[in-house]
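Worksheet for the structure shown next.
The values are calculated or read from the model by the stated rules, or taken from the named source; none is laboratory data. This one's a predicted model, so the numbers in the text were calculated from it and none came from an experiment. When we count neighbours, we look across all protein chains shown, and the Cβ atoms used for this are built from the backbone with ideal geometry, even at glycine.
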Amino acid sequence: MVKAGIIGSTGYAGQELVRILLQHPDVEIVWYGSRSYIDKKYSEVFGNMFQIVDNVCMGEDIKELAGQADVIFTATPQGLCSSLVNEEILSQTKIIDLSADFRIKDVEKYEEWYGIKHQSPGFIKEAVYGLCEINREDIKNARLIANPGCFPTCTILSIYPLAKEGLIDMDTVIVDAKSGVSGAGRGAKVANLYCEVNESIKPYGVAVHRHTPEIEDQLSYASGKDVIINFTPHLVPMNRGILATSYAKLKEKLSYNEVKEIYDKYYKDEYFVRVLDENVFPETRWVEGSNFADVNFKIDERTGRIIMMGAIDNVVKGAAGQAVQNMNILYGFKENTGLKIVPLFP
């Protein structure tokens, strides 16, 4: 039985970790960490956990936690995990970090985009980028895993096969993405109030969104060249979900069947990536509450471009579910253990 601790268990991603891990047959949660609700019963913070979780919320004492837990999930704002991690901690436990602290290998780039100083740059090189379908072998032996961001997960899985095969002009990639409000976190912000969000859609972080360098880095590794993209996210009035629609110029004329064979080459054995049938396009409602990523494409013969689409639940495959998938790989469990969650509908 793997003993797990969660720092940041009272955020949206942290609560989703709790919900998933409670259903995992090989995991016991030993620490419900929270800066805001120390000594308060977890079920008082989340009423859905009434008579399910009797534990009280603990603090962020990672030294004490490392002595109790085999794996620690840090579902915290940027900067906290990098301030906590050190060799002593990593010699005792494994860390799966849901923040951006170890996703970007260039520390100067991280500090530029996130506006904070990295507290433990010596561990950036060691950290494994935990996009399971691409870095599975590296994940198996990792001590520190950088769980990918939600927009990057959806975008990269949509584009990766064609980028890896060198079939699209990477200088022409444009990403248009939509996210539910939970992606902004649980903190109180005027811009995320019901009356501010409902019956509206808006772009945000235009040309400056912090997931941009993460997407660029991973597409650069895939294609073998430096990639710079246009990435524009939008906020839509729904709780969960991400839809990413990406555009790029094809280097050569390809048929539907030729492109479908490429996607199947990478994803036919992947439980969580579903390549949809021809002319069936991803919708957030068909992945809600699950760890699935639905992807598909459409060739625009008139313009010579290809449109690559993906949909995920930002809190599950985009955060907590992928973190548990990483944990399953780390400990040699079947990858979908605890994650065979059928999407919710309606």
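Could you go through segment 271-292 and let me know if any residue there is touching a residue at least 24 places away in the same chain (Cβ under 8 Å), part of a loop (DSSP other than H, G, I, E, B), more than 21 Å from the chain's Cα centre (by Cα) and on the phi > 0 side of the Ramachandran plot.
Checking segment 271-292: not a single residue is touching a residue at least 24 places away in the same chain (Cβ under 8 Å), part of a loop (DSSP other than H, G, I, E, B), more than 21 Å from the chain's Cα centre (by Cα) and on the phi > 0 side of the Ramachandran plot.
Among the residues of segment 158-212, what is the count of those that are over 22 Å from the mean Cα position of the chain (by Cα), among the β-branched types (V, I, T) and part of a helix (DSSP H, G or I)?
Residues that pass the stated criteria total 2.
Within segment 90-126, which residues are in contact with a strand residue (DSSP E or B) (Cβ under 7 Å, 6 or more places away or on another chain) and surrounded by fewer than 19 Cβ atoms within 10 Å (Cβ to Cβ)?
Of everything in segment 90-126, those that are in contact with a strand residue (DSSP E or B) (Cβ under 7 Å, 6 or more places away or on another chain) and surrounded by fewer than 19 Cβ atoms within 10 Å (Cβ to Cβ) turn out to be L90, E126.
Say whether the condition of being free of Cβ contacts under 8 Å to residues at least 24 places away in the same chain and not charged (D, E, K, R) is met by at least one residue in segment 315-329.
If we filter segment 315-329 for residues that are free of Cβ contacts under 8 Å to residues at least 24 places away in the same chain, which is where we start, we get 328.
Then drop every residue that is not not charged (D, E, K, R), which leaves 328.
Checked against the condition, which is being free of Cβ contacts under 8 Å to residues at least 24 places away in the same chain and not charged (D, E, K, R), segment 315-329 yields at least one hit.
Which residue, of D101, D70, is under 28 Å from K125 (Cα atoms) and touching a helix residue (DSSP H, G or I) at 6+ places or on another chain (Cβ under 6 Å)?
Just a single option satisfies the conditions, and that option is D101.
Checking Y271 against (1) out of contact with any helix residue (DSSP H, G or I) (no Cβ under 8 Å at 6 or more places or on another chain); (2) among the hydroxyl-bearing types (S, T, Y); (3) closer than 22 Å to V175 by Cα, which test does it fail?
(3)
Would you please list the contacts, defined by Cβ atoms under 9 Å and residues six or more apart or on different chains, that run from a residue in segment 169-186 that is among the aliphatic types (A, V, I, L, M) to a residue that is crowded, with 22+ Cβ neighbours inside 10 Å and in a loop (DSSP other than H, G, I, E, B)?
Close Cβ pairs satisfying both conditions: A177/H211; V181/R240.
Could you please let me know if F123 is touching a His at 6+ places or on another chain (Cβ under 7 Å) and either within 27 Å of S9 (Cα to Cα) or basic (K, R) (or both)?
Answer is no for this residue.
Having 3 or more residues that are modelled with pLDDT of 95 or more and closer than 15 Å to G5 by Cβ is the bar; report the helices (runs of 4 or more DSSP H) wholly within segment 17-135 that clear it.
Counting at least 3 such residues, we get 62-66, 80-84.
It is to be established whether one or more residues within segment 185-200 are of a type in the set (G, A, S), closer than 25 Å to N147 by Cβ and touching a Phe, Trp or Tyr at 6+ places or on another chain (Cβ under 7 Å).
yes
Among residues belonging to segment 163-192 that are within 22 Å of E16 (Cβ to Cβ) and hydrophobic (A, V, I, L, M, F, W, C), point out the one that is surrounded by the fewest Cβ atoms within 10 Å (Cβ to Cβ).
The residue in question is A188.
How many residues does segment 236-275 contain that are within 22 Å of I134 (Cβ to Cβ) and basic (K, R)?
5
Out of N336, N326, report the one residue that is surrounded by 24 or more Cβ atoms within 10 Å (Cβ to Cβ) and farther than 21 Å from I168 by Cβ.
Numbers: N336 fails: surrounded by 24 or more Cβ atoms within 10 Å (Cβ to Cβ).
The unique qualifying residue is N326.
Which of the residues spanning segment 77-104 are within 16 Å of G67 (Cα to Cα) and of a type in the set (S, T, Y)?
Hits for segment 77-104 are S91, T93.
Select from segment 33-48 the residues that are surrounded by 15 or more Cβ atoms within 10 Å (Cβ to Cβ) and over 15 Å from R186 (Cβ atoms) and list them in ascending order.
If the condition is that a residue be surrounded by 15 or more Cβ atoms within 10 Å (Cβ to Cβ) and over 15 Å from R186 (Cβ atoms), then K41, S43 are the ones that fit.
Restricting segment 296-326 to residues that are under 27 Å from A248 (Cβ atoms) and part of a loop (DSSP other than H, G, I, E, B), which is farthest from the chain's Cα centre (by Cα)?
In this case the residue turns out to be R302.
Which members of segment 133-162 meet the condition of being under 28 Å from R274 (Cβ atoms), among the hydrophobic types (A, V, I, L, M, F, W, C) and either free of Cβ contacts under 8 Å to residues at least 12 places away in the same chain or surrounded by fewer than 24 Cβ atoms within 10 Å (Cβ to Cβ) (or both)?
I134, I139, A142
How many residues, within segment 246-274, are β-branched (V, I, T) and crowded, with 20+ Cβ neighbours inside 10 Å?
Residues flagged as β-branched (V, I, T) and crowded, with 20+ Cβ neighbours inside 10 Å within segment 246-274 amount to 2.
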